[in-house]
1. How large is the helix-only mean residue ellipticity at 222 nm for the chain, computed as the sum of -39500 (n - 2.57) over DSSP H runs with n ≥ 4, divided by its residue count, in deg cm²/dmol to the nearest 500?
2. Quick one: compute the contact order of the stretch 49-159, relative version, from alpha carbon pairs under 8 angstrom and 6+ residues apart, as a percent.
3. What do you get for the angle between helix 145-159 and the principal long axis of the chain? Use alpha-carbon atoms, 0 to 90 degrees, nearest ten.
4. Skipping prolines and chain starts, which residues have an amide H placed within reach, meaning under 5 Å, of the one on Phe135, given they are 5 or more residues away or on another chain?
5. Suppose the chain between Ala109 and Lys173 were pulled fully straight at 0.36 nm per residue; how much longer would it get relative to their current alpha carbon spacing?
6. Which of the lysines could be linked to Lys4 by a straight reach, that is with a Cα gap under 23 Å, when you skip same-chain ones fewer than 8 residues away?
7. Give or take rounding to whole Å, what are the principal axis extents of the alpha carbon atoms in the stretch 49-159, in descending order?
8. Can you list residues whose amide H is under 5 Å from Ile71's amide H, if they're 5+ apart or on another chain and H is modeled 1.01 Å from N?
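Derivation of every value follows stated rules applied to the coordinates shown; laboratory data play no part. Given the structure is predicted, the values throughout are model-derived calculations rather than measurements. Positions of Cβ are generated from backbone atoms using ideal geometry, with glycine treated the same way; all protein chains shown enter the neighbour counts.
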Amino acid sequence: MTVKISNKIVGYRVKKADPEAAAEHQAPVHAETKPVEMNEYIERPDFLLGTTYKIKPPVAEHAMYITINDILLNEGTDHESRQPYEVFINSKSMEHFQWVIALTRVISAVFRKGGDVTFLVEELRSVYDPNGGYFKKGGVFMPSLVAEIGAVIEKHLKAIGLLESEEMSETTKRILAEKRAEFEASHTTATNDDKADDYPPNATMCGKCSTKAVIVMDGCATCLSCGDSKCG
Ligand SMILES: [Zn+2]
């Protein structure tokens, strides 16, 4: 109901809180045992567990070392969880220094804000270098250095269980290994010099996993890396 006030207001009092509504807003009984969630006010412990990943992008002169440190929340309870806390990138190469430092600071800030940080992976991985990307050892295409940093973060988030890793089933792995052996037997181009990780030299790019691992056999294009297959 709307009440029009036509006189001057000469006094007021604050409406008393409805006792029933107040009870509803009261914290649950277990408030003190509520698990801590990542937030920017968590003080940085003196030591953190971390993992360092080495990448050797052809666009940088020297290798880059990406360190991601994690914080353990609710240690020793049922709600124990490992969350990424900060990222550092070290390299002898200085050509990318400025924006790499900026990127690591922004990513660390996002980590510390808490909430779902997995969106970072998609964002970084979809950055395309206008000079064209490059192939990593093993035939995986990286559209940019930023994307490779994103791939490292993805790997880390999978390792600590924040992202699901889409492991192939044993059956799929076996079928792919068989297909590969059959393909290599029928194409004598494969030599013993090839590293086990490399896919056949004439394999083409997979649209699904960006790996140069697609072979064509019996009219079907099969990716030896992720198993994606198209026939006809
Ligand atoms: Zn694939």
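1. The helix-only estimate for the chain comes to -8500 deg cm²/dmol at 222 nm.
2. Working: 165 pairs, mean separation 21.5, N = 111.
This gives 19 percent for the stretch 49-159.
3. The two axes meet at around 70 degrees.
4. Counting only residues 5 or more places away or on other chains, the set is Met142.
5. Values: separation 64, 0.36 × 64 = 23.04 nm, distance 3.89 nm.
Full extension of this stretch gives 19.2 nm more.
6. Reachable lysines: Lys15, Lys16.
7. Principal-axis extents of the Cα atoms in the stretch 49-159, largest first: 48, 25, 23 Å.
8. The list, which skips near neighbours in sequence, is Gln83, Tyr85.
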